[in-house]
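Each remark here refers to the structure printed beneath this line.
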């Protein structure tokens, strides 16, 4: 048999044909995305008009801005001179004049390096937790950083934070050694007992003997505070202290926000676990706590903290307004977090709980190793949303007399020279908050994506 | 020597309280209860001691005393001679008023933006994203202050309307001034009662028509037009009655358009005044919450799998009907619970009206009354209770709804 003659075999490739005209290019994109129907075409035209109007108003206004002036009227004079009367122009001079106040409040000018350094320490400390590419070893800063940051911000004797740290280390030691031998529950009890027995009475005794000053740290950790006072006499090592009234501006919002975020997460987890608990008493207590806290606006809680706390505490107690606010914000955010995390706990299949039990893990171990990692992963968007809401809510502290950026904006606008200004100020403050909140929400999306291993 | 081991004895040792899970549950609960009771007792004890030191007692009778302060916006008759309780009631009504207004506006804007964010129009979707991100990531208080500054501070004085430097908008019916916004007020004329009756009846008739059309569709499969007949039923009778009365006796429902007073102090006469504080709080609450609602709506629609749309299309349903009959009923199940929480947030956030001087409950009972009587403890307690009760009622209602729409799995 001979092979049938092949009629035609192409020996070289042809050039690919150009795509049909309607399949690509900007015109097709326009047609598909902007003018796909009459309705869409109309919407597009309206949107374009809106965008044009906004830009035509804002861009010249911002570009004509005056950066160097002493007051609003001065600003207007300069503007009229430069561009002629009636031409819109922003008066950025208010930012130029007051940016220090908006960022740092009345923090002493010579000490600005301290909050900046504290911010740097904060960033370096949290980065290894946020970015998985960084080496885990960097996390060793975490236990030390809060104390260093506290010391930098408030100043005073270095011994106070050092001893507070030592005190906490003792409690942690008791908790972990007893916990290892006798179970987690016994560890908790022993830790709390250590806290109460060692610190309060001994510290109070020192107070009586030494007559040392009551700062809020002394109130929490009297022993550390008092030994600190002794050490300070023997070996002075202190930097200029800054009182809470001098804190303000975005620095204040940031401190309250970050402290609230870090402290409210454990509280929220505990409350959520309490709400899911099999123990009736624990469940009822958690539910009532969560519902009462969530049912009342934060502003009412803040007023409670500033007006009523003196009723509920022993006579003569007077502790720092900022600490009160941080505690209130923490509790408030904790209650909201508890609901978010409860959703995550409820979404886990029952099999996970049963598997953890079958492995013989006790309650805390099964929660820590099996349940919470999965439940928290599911709840990430809700958790971050709560954090964002809390960060925005730090602006409410202006109602109890703390000078956050909005509180300062009120006093700036009440000032003779800047009376009547608002867009420039609020744009600046809004941009500060936007950067932080938007950053948080983008990070949560990234985290969600990275943790979605089961759906890859 | 015996090789037998002792059988574990059922004796009770104190250590079992911690080590044995059966007893531990009791230990923990007793401990929790004891600690809570101790803390509450400690707080109460401190409070009585502090009150005694100040020479005060817990006493709610102050709310029946004379208030002695004026409230700028009152929905019910109120004077400075009224009681604190009445001032509180005025505050409650103001809180509910601004919340209701904000809930309506926020829902409308939120649904609109949420749906448009999913639009296949690239530009519109981007614009809505910008709106949502800008409003979601900036504190509500800033929006309240900013809109307050614009409405109260930047709007022209009434004087400007007289000398012609400012003019009224929307066909000279609405005046935006720094004394608030003046809008036309409805004036009831002869036959208004009849008109109202006819309107109610025509709404009932339209609903009846819709019900009948649906029954015919379900029993015989025949489609009966709904939209146009229902619209006709709604509009025509009312229009006829209105025209009849207008020709015979005068307009049953007219509008009193505000105007600047010709002489004397420049001020607006006639019309209805929306105070700047109400307006600022209303707009800020609505725009801010709408950005959250938009995200809920978008999430709800996205949560319905594409297969549902495709299946509906395969059944021959058009896009509109697919949305109405297949997607929306399922999406609502996802959308409504967070929507209700947003409504709750609106009510709670309305207490921020303090920043622009809106006289809600927080400013009357929780503000001026407390300052005047020195009853912080009682006042804050009442204030807290009000918000707590409202939020418990709404969450209770939401739970009922959730149970009602829950997927019933076999």
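Computed from the coordinates by the stated procedures, all read-outs in this text should not be read as laboratory data. Computed from a predicted model, the values in this text were never measured in an experiment. Virtual Cβ from ideal backbone geometry, glycine too; neighbours counted across all protein chains shown.
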>> If each DSSP helix of 4+ residues adds -39,500 (n - 2.57) and the sum is divided by the residues in chain B, what number results at 222 nm, nearest 500 deg cm²/dmol?
In response: -20500 deg cm²/dmol
>> What do you get for the angle between helix B:84-117 and the principal long axis of chain B? Use alpha-carbon atoms, 0 to 90 degrees, nearest ten.
In response: 80
> Let a ≥ b ≥ c be the square roots of the eigenvalues of the Cα gyration tensor of chain B; is it rounded (a/c under 1.5), or, if not, prolate (a/b larger than b/c) or oblate?
Replying inline: oblate
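Residue B:167 to residue A:416: FRET efficiency via 1/(1 + (r/R0)^6), r the Cβ-Cβ distance, R0 41 Å, to the nearest 0.05? It would help to have the intermediate numbers written out before the result.
Details: r = 31 Å, r/R0 = 0.76.
Efficiency, rounded to the nearest 0.05: 0.85.
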> Using the 10 angstrom Cβ neighbour count as an exposure proxy, how do B:98, A:282 rank, fewest first?
Replying inline: A:282, B:98
> What order do you get for B:243-249, B:124-130 when each peptide is scored by the mean count of other beta carbon atoms within 10 Å, highest first?
Replying inline: B:124-130, B:243-249
> Label-point separation (nm) for residue A:59 and residue A:32, each offset 7 Å from Cα along Cα-to-Cβ?
Replying inline: 2.9
>> Among A:384-396, B:69-81, how do they line up by average Cβ neighbours within 10 Å per residue, starting with the highest?
In response: A:384-396, B:69-81
> So what is the relative contact order for chain B, in percent, with contacts set as C-alpha pairs under 8 Å and at least six apart?
Replying inline: 22
>> Considering only C-alpha atoms, what is the centroid distance from segment A:328-387 to segment B:316-384, in Å?
In response: 28
>> Under the rule a/c < 1.5 gives rounded, and otherwise a/b versus b/c splits prolate from oblate, where does segment B:266-410 land using the Cα gyration tensor?
In response: oblate
>> Need one value for B:151-161: mean number of C-beta atoms belonging to other chains within 10 Å of its residues' C-beta atoms.
In response: 1
>> Calculate the FRET efficiency for residue B:60 and residue B:210 from the Cβ-Cβ distance with a Förster distance of 51 Å, rounded to the nearest 0.05.
In response: 0.50
> What nm value, rounded to one decimal, do you get for the distance between residue A:368 and residue A:350 when each label is placed 7 Å out toward the C-beta?
Replying inline: 2.8
> Within 10 Å of each Cβ of B:140-150, how many other protein chain Cβ atoms are there on average?
Replying inline: 6
> GNM, chain B, Cα, under 10 Å: largest mean-square fluctuation among B:181, B:109, B:58?
Replying inline: B:58
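How many Cβ atoms of partner chains, on average, are near each residue of B:122-132 if near means within 10 Å of its Cβ?
Details: counts 9, 11, 7, 2, 2, 7, 1, 0, 1, 0, 0.
Taking all residues of B:122-132 together, the mean is 4.
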>> Order these by the 10 Å Cβ neighbour count, fewest first: A:365, A:350.
In response: A:350, A:365
> Add -39500 (n - 2.57) for each DSSP H run of 4 or more in chain A, then divide by its residues: what number comes out at 222 nm, to the nearest 500 deg cm²/dmol?
Replying inline: -22000 deg cm²/dmol
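What order do you get for A:337, B:344 when you list them from fewest to most C-beta neighbours inside 10 Å?
B:344, A:337
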>> Using only the alpha-carbon atoms, how far is helix B:122-136 inclined from the longest principal axis of chain B? Give it as 0 to 90 degrees, nearest 10.
In response: 60
> Given Cα pairs under 8 Å that are at least 6 residues apart, what percent is the relative contact order of chain A?
Replying inline: 15
> Using 17 Å as the cut-off for backbone N distance, which residues of segment A:419-450 belong to the label zone defined by a point 7 Å from the Cα of residue A:77 along Cα→Cβ?
Replying inline: A:419
> Hey, any idea what the orientation-averaged projected area of the convex hull of the protein assembly as shown's Cα atoms comes to, in nm²?
Replying inline: 66.7
>> Connecting C-alpha atoms closer than 10 Å in a GNM of chain B, tell me which of B:288, B:218, B:131 has the biggest fluctuation.
In response: B:218
> By its C-alpha gyration tensor, with a ≥ b ≥ c as the square roots of the eigenvalues, how is chain A shaped: rounded for a/c under 1.5, else prolate for a/b larger than b/c, else oblate?
Replying inline: oblate
> When Rg is the radius of gyration of the Cα atoms in segment A:43-91 and Rh is its Kirkwood radius, what does Rg/Rh come to?
Replying inline: 1.18
> Build a GNM of chain B with springs between Cα atoms under 10 Å: which of B:197, B:14, B:283 gets the top mean-square fluctuation?
Replying inline: B:14
